[in-house]
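The values are calculated or read from the model by the stated rules, or taken from the named source; none is laboratory data. Note that the structure is a prediction, hence the values are computed from the model and not measured. We place every Cβ from the backbone using ideal geometry, glycine too, and count neighbours over all the protein chains shown.
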Amino acid sequence: MQWLACLGVIAIVGGEAAADPARTPYDAGRFDINVGFYQQGRELRGVRIGGGFFVAPGFEVGLDGTHFWGQPADVEGLSPYFKYVFTPWYDSIPLVPYIGASYEHRWTDPNYYVADSFSARAGLALTLPTNNPRYFVILGAGVVVDHPVERCHNCDAYPPNSDHIGPEVFVTAGF
């Protein structure tokens with residue numbers, strides 16, 4: 001009789017676990033903080049720090065701050081973005097493709113306006129295992145295509161005056 005009671009407890013606990021699917025890093029309602037590095041042309045390298053929120057499974061909206069260093073001057077930027085992660089593949093492998101787009105306003109100091117741009121990105125994101133399913137860590141790498149909306153008038157050879165394609169790598173941590 002005791003073994004029957006144990007089997008009943010195992011069935012109930014197992015049934016509850018099966019009814020509650022495992023959370024993925026890309027579920028709606030998850031937050032993340034990200035740090036990324038990328039290059040634009042030969043002149044500028046940048047670091048991007050920001051955060052996002054998944055409004056629907058796989059669909060993230062967020063805001064990033066950017067600092068580029070290089071020639072002819074250092075540049076700051078602020079960028080709202082959205083990204084879609086192809087979550088249907090997540091169940092089979094932790095490496096999933098993503099696509100995204102952003103608008104970025106850039107400046108060097110209050111008196112020196114640079115340019116605004118639209119960017120598109122695509123790449124792969126790898127979810128690393130963690131001890132707690134509430135938290136996640138993602139490594140990613142991809143390509144960014146940057147298209148200036150306005151041409152920079154104060155800087156003849158400045159990189160935002162033309163389209164650029166460059167690499168990006170990032171680390172994301174979230175909850």
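Of all residues in the stretch 128-151, which are at pLDDT below 90 and buried (at least 18 other Cβ atoms within 10 Å of the Cβ)?
Within the stretch 128-151, 146, 148 qualify.
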Odd one out for residue 85 among (1) surrounded by fewer than 15 Cβ atoms within 10 Å (Cβ to Cβ); (2) modelled with pLDDT of 90 or more; (3) under 15 Å from residue 27 (Cβ atoms): (1)
Leading residue by the ranking (surrounded by the fewest Cβ atoms within 10 Å (Cβ to Cβ)) among those in the stretch 26-71 that are outside any strand (DSSP E or B) and in contact with a strand residue (DSSP E or B) (Cβ under 6 Å, 6 or more places away or on another chain): 28
Conditions (1) part of a strand (DSSP E or B); (2) out of contact with any Phe, Trp or Tyr (no Cβ under 9 Å at 6 or more places or on another chain): number failed by residue 118: (2)
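Every residue, every condition in (1) in contact with a helix residue (DSSP H, G or I) (Cβ under 7 Å, 6 or more places away or on another chain); (2) more than 22 Å from residue 62 (Cβ to Cβ); (3) at pLDDT below 75, yes or no:
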residue: 93; (1), (2), (3): no, yes, no
residue: 97; (1), (2), (3): no, no, no
residue: 103; (1), (2), (3): no, no, no
residue: 106; (1), (2), (3): yes, no, no
residue: 110; (1), (2), (3): no, yes, yes
residue: 123; (1), (2), (3): no, no, no
Looking only at the stretch 44-82, and only at residues there that are out of contact with any His (no Cβ under 9 Å at 6 or more places or on another chain) and of a type in the set (Val, Ile, Thr), the one that is modelled with the lowest pLDDT: 66
